[in-house]
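A quick write-up on the structure given underneath.
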Amino acid sequence: MKDLAVVEAQLTRILSFFPRVDTKIAGLFTVNSAILTISALNVEAGDLKQWYIAIPGVLMIVGLVASYFFLYRANFPDLNGGQGSLVYFATISDRTEANYIEEYEAITEVKYRADMLGQIWRNSHILCDKYKAVAVAVRVTLATLLPFVIFLIMTAIQHSRVPVVNG
């Protein structure tokens, strides 16, 4: 597979998965923020003195913090690698403009193809790290739903009202 067009198509294919994981990140961030907002709308300072409200509340907050942590990891993956690459954006930014242009114009097709293959490999790792972090964040958020529901039920009982879901 020495055809550069095939290599470029593979890189394009790998890069096409990034918007998918970024959409998942944004969606889960919205869900986490909604859980936090609805919880804040339904709690009063004195409620946290009640163990049956405080414990689910703490579990929910710990879960959301963990989920936000993994969403952060997914949004900002480790960009190390690709040393000397003329294709990888993280190493391109280490060069001056003139130096980059000079090196790019001097590269042979064989070295460029090898650089593109390295780019495919590096982006695949970054993408995999993003997916793994989002998967953990989703699982943690799902685990947070039970304490969230218990928290809402207990605050509703405490105030003798239906939980508030809008301001």
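Report yes if some residue within the range 93-116 is within 18 Å of the chain's Cα centre (by Cα) and modelled with pLDDT under 95; otherwise report no. Spell out how you get there, then give the answer.
Residues of the range 93-116 that are within 18 Å of the chain's Cα centre (by Cα), as a first pass: none.
The answer is no; no qualifying residue exists.
Beta carbons closer than 9 Å, at least 6 apart along the sequence or on distinct chains, pair a first residue in the range 1-22 that is touching a residue at least 24 places away in the same chain (Cβ under 8 Å) with a second that is in a helix (DSSP H, G or I) and of a type in the set (Asp, Glu) for LEU4/GLU109.
So is ASN99 surrounded by 12 or more Cβ atoms within 10 Å (Cβ to Cβ) and out of contact with any Gly (no Cβ under 8 Å at 6 or more places or on another chain) or not? It is false that ASN99 is surrounded by 12 or more Cβ atoms within 10 Å (Cβ to Cβ) and out of contact with any Gly (no Cβ under 8 Å at 6 or more places or on another chain).
Mind listing whichever residues of the range 21-73 are at pLDDT 95 or above and of a type in the set (Lys, Arg)? Passing the criteria: LYS24, ARG73.
Considering every residue within the range 33-47, establish whether at least one is in a helix (DSSP H, G or I), acidic (Asp, Glu) and more than 30 Å from ALA114 (Cβ to Cβ).
For the range 33-47, residues in a helix (DSSP H, G or I), acidic (Asp, Glu) and more than 30 Å from ALA114 (Cβ to Cβ): present.
Among the conditions (1) surrounded by 17 or more Cβ atoms within 10 Å (Cβ to Cβ); (2) of a type in the set (Lys, Arg); (3) over 24 Å from ALA137 (Cα atoms), the only one that ARG13 does not satisfy is (1).
The values are calculated or read from the model by the stated rules, or taken from the named source; none is laboratory data. Model, not experiment: these values are computed from the prediction. All Cβ positions, glycine included, derive from the backbone under ideal geometry; neighbour counts span all protein chains shown.
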